[in-house]
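Read through the structure below, which is laid out as structure tokens, and then see the notes.
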Amino acid sequence: MKRNAEEQRLSTRHITRRALILGGAQAAFGALLVGRMNHLQVDQADEFLLLAEENRIKVRLLAPARGVIYDRHGRILAGNEQIYRVSMIREDADDVDEVVTHLRGLVRLDEDTLQRALREMDRRPHQAVTIADRLSWEELSTIAVNVPSLPGVTPEVGLSRVYPLGRDYAHVIGYVGRVSDRDLENEEDRDPLLQTPQFQIGKIGAERSLEHVLRGKAGSRRVEQNAAGRIMRELGRTPGQSGKDVQLTIDAGLQNFTQARLGLESASTVVMDVRNGDVLAAVSSPSYDPNLFVTGISVPDYAELRDNDHRPLHNKIVQGLYPPGSTFKMITLLAALEAGEVSPSETFYCPGHLTVSNRRFHCWKRGGHGWVDAAKSLRESCDVYYYELAQKAGIDRISEMARRLGLGAAHPLEMTSVSEGLVPDRDWKRTRRGEEWVVGDSLNASIGQGFVLASPLQLAVMTARLASGLSISPRLVRSVDGQARPSGVNGPLGINRSLLDLVRDGMYQVNNSRGGTARGSRFDMAGMKWAGKTGTSQVRNITAAERARGVFRNEDLPWNRRDHALYVGYAPYDDPRYAISVVVEHGGGGSKAAAPIARDVMLYALSGGIPPLDAYPRGQRGQAEALLSSLNLNPELGQGPGSSEA
């Protein structure tokens, strides 16, 4: 049926409207598409070009050379050596197992290192991980030739820490090691260097304390790689900034001699320059080779160090805390003299003990010393004399004097875990123990027993202050990047010189007068003499029953129940230059075990080389010659006559 004219007109109008709507929609969509394409291709062209470049170009950090550590004469104590290694990025490798199998066919891979690397790649798939370290040049060349068939693998030339003098500096310098997860958690600066493969940071000692000085700043290199992740060429390189070099105050020759002289003893020695606080030697024995830790010590090697009862991993210089024994008596004497509680000539009678509050406090000499004045109290180390002083001076004065002389403080030395020791007083016992101080505590403290604890470093500082009359602080770092560090001189102690002279005279008599506890370790080198004080600190209680039947001799006891042996001294007596402290764990008496070591080390410091035999008493020269010739010294350090000064 045909539609009339009106129906045809309406139908045509509807079609035209739909066409306009559809055409408009298409036009709008086309305009939107053109606008979007214009935005992507014109407005954001630079951004997409950068993204494309970043997919093709990789920027890799370059680890800087770690700063070198020198002794006071410029000998390298911690340096860097060139090594060859291979790293892999899991994300860039097509098949890790296949790549590793291929590598095994080219070079020998250490299984422990490889397994550790594979575990690390699982945790850090986007980062380069070292899978083979310390390769030979031939092995690296072999891998470099086959790199096109080893996706994700990069042969590298790097630097690793090395300690040429090994054991001599393990406790002073410490060592570096690979960055661990714990290191990353503890780092506040989040340096991206810590993410680079096999990067090494200081773990303990000066390496740790001076980490941000020695580390340096990272460099970078831009490399082009193809779609398979293989590096095609290097596009540019920005060198890093090497770490700053550090010069220590230590004398390598004196350090080596001291280490050799301590031998296999569980002991420590510190030598200081009393004029500026320079630490010339700081030795903890036995030691270990820090090079073992640089790339990761083996389980058997670590177990051997860990299980040694002489504790080679323990830094006795600053961590070892001991009752100072009779080396503390100069402090008690100065406290009583300064307070006016006793005069130098005043005497007390020593029958071998003193009874206080129904308790008997014994002197080391069972038969007693008779009438004792200040000089004799030091010369013969009478305990009863100091029991009397303790009751007159009181613990607070004694503790205050101890702090003035350097005890009870963590001296800011560039080592880790520096202990502050313990100088007790009434407030300390009330706060820490919940008990009141009693007179017996004062008597024990007056002879360096009871609660008192000091490190070998603190004892050396004490001796340097007594010798100089100055508030000397120890200095380990002489300069950084050629810029000198301040000396350790902080002004006068504020102790009357006549009182210091009295104490010094008593210390002189210890070494040089008949009856002196260290007379057997005297010397006379070109007219130079020295002064000192022996000490013996108990590590066990002696019962009344044992005293009645006779106290066991140290040599009859198991090693770990014997007394500690201590000695402090300075030389020359009339113009002090060097102060020394020696602690021999479970060594017995200070006069027998510690003083002879101190004498040999002091003579080396004074002569700048092997001690001359004519400095020893005539009857001891044969024994001294045999001992000195038996020492295992480093011939490269020139152990002959010279000067220990810079």
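Only the coordinates and a few stated rules stand behind these numbers; no lab work does. All figures in this text were calculated on a predicted structure; none of them were measured in a lab. Quick reminder, even Gly has a Cβ in these numbers, built from the backbone with ideal geometry, and neighbours come from all protein chains shown.
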Positive-pole candidate from Cys350, Tyr578, Asn308, dipole of the stretch 252-603, charges at beta carbon: Cys350
Please compute the length gained on full extension between Leu613 and Arg190, using 0.36 nm multiplied by the number of residues separating them and subtracting their Cα-Cα distance. 146.6 nm
Once phi for every residue in the stretch 334-345 is put through the Karplus expression 6.51 cos²θ - 1.76 cosθ + 1.60 (θ = phi - 60°), the whole-Hz ³J(HN,Hα) values, with Gly and Pro written as x, are 5, 4, 6, 5, 5, 6, x, 7, 8, 9, x, 8
Using alpha carbon positions and the Kirkwood radius, the Rg to Rh ratio of the stretch 252-603 is 0.96
Distance cut-off 22 Å, Cα to Cα: go down the list Lys392/Lys529; Lys316/Lys376; Lys376/Lys533; Lys365/Lys592 and report the pairs above it. Lys392/Lys529; Lys316/Lys376
Treating only the Cβ atoms of Lys and Arg (+1) and Asp and Glu (-1) as charged, compute the dipole magnitude of the chain about its Cα centre; round to the nearest 20 debye. 960 debye
Test of understanding: ordering Cys363, Cys382 by Cβ neighbours within 10 Å, fewest first, what list do you get? Cys363, Cys382
Please report Trp530, Trp137 as a ranked list, fewest other C-beta atoms within 10 angstrom at the top and most at the bottom. Trp137, Trp530
Taking amide H atoms as placed 1.01 Å from N in the peptide plane, list the residues 5 or more away in sequence, or in a different chain, whose amide H sits under 5 Å from that of Arg237. Arg222
With r as the distance between the Cβ atoms of Asp97 and Ala526 and R0 = 56 Å, compute the FRET efficiency 1/(1 + (r/R0)^6) and round to 0.05. 0.15
In whole Hz, what ³J(HN,Hα) sequence does the stretch 560-576 give by Karplus (6.51, -1.76, 1.60; θ = phi - 60°), x for Gly and Pro? 7, 10, 7, 5, 7, 10, 10, 7, 10, x, 8, 7, x, 4, 8, 8, x
Report, by chain and number, residues whose modeled amide H sits under 5 Å from the one on Leu470, excluding near sequence neighbours (fewer than 5 apart, same chain). Leu493
Quick one: if the Förster radius is 30 Å, what FRET efficiency do Leu633 and Asp301 give, using the C-beta to C-beta distance and rounding to 0.05? 0.75
By how many degrees, 0 to 90 and rounded to 10, does the Cα axis of helix 395-404 deviate from the longest principal axis of the chain? 60 degrees
Using the Cβ atoms and a cut-off under 10 Å, what net charge is assigned to the surroundings of Leu476, where Lys and Arg are +1 and Asp and Glu are -1? +1
In percent, what relative contact order does the stretch 252-603 have, based on Cα pairs under 8 Å that are 6 or more apart in sequence? 21 percent
Describe numerically, in nm with one decimal, the distance between label points set 7 Å from Cα along Cα→Cβ at Leu33 and at Tyr349. 12.2 nm
Quick one: if you stick a label point 7 Å off each Cα along the C-beta vector at Asp427 and His310, how many nm between them? 4.2 nm
Which labelled figure in [x] 1.24; [y] 1.07; [z] 0.99 is Rg/Rh (Cα atoms, Kirkwood Rh), once derived from the coordinates: [x]
Given an 8 Å cut-off on Cα distances and at least 6 residues of separation, report the relative contact order of the chain as a percent. 13 percent
Each residue of the stretch 160-166 in order: what ³J(HN,Hα) in whole Hz does its phi give by Karplus 6.51 cos²θ - 1.76 cosθ + 1.60, θ = phi - 60°, with x for Gly and Pro? 9, 6, 9, 10, x, 9, x
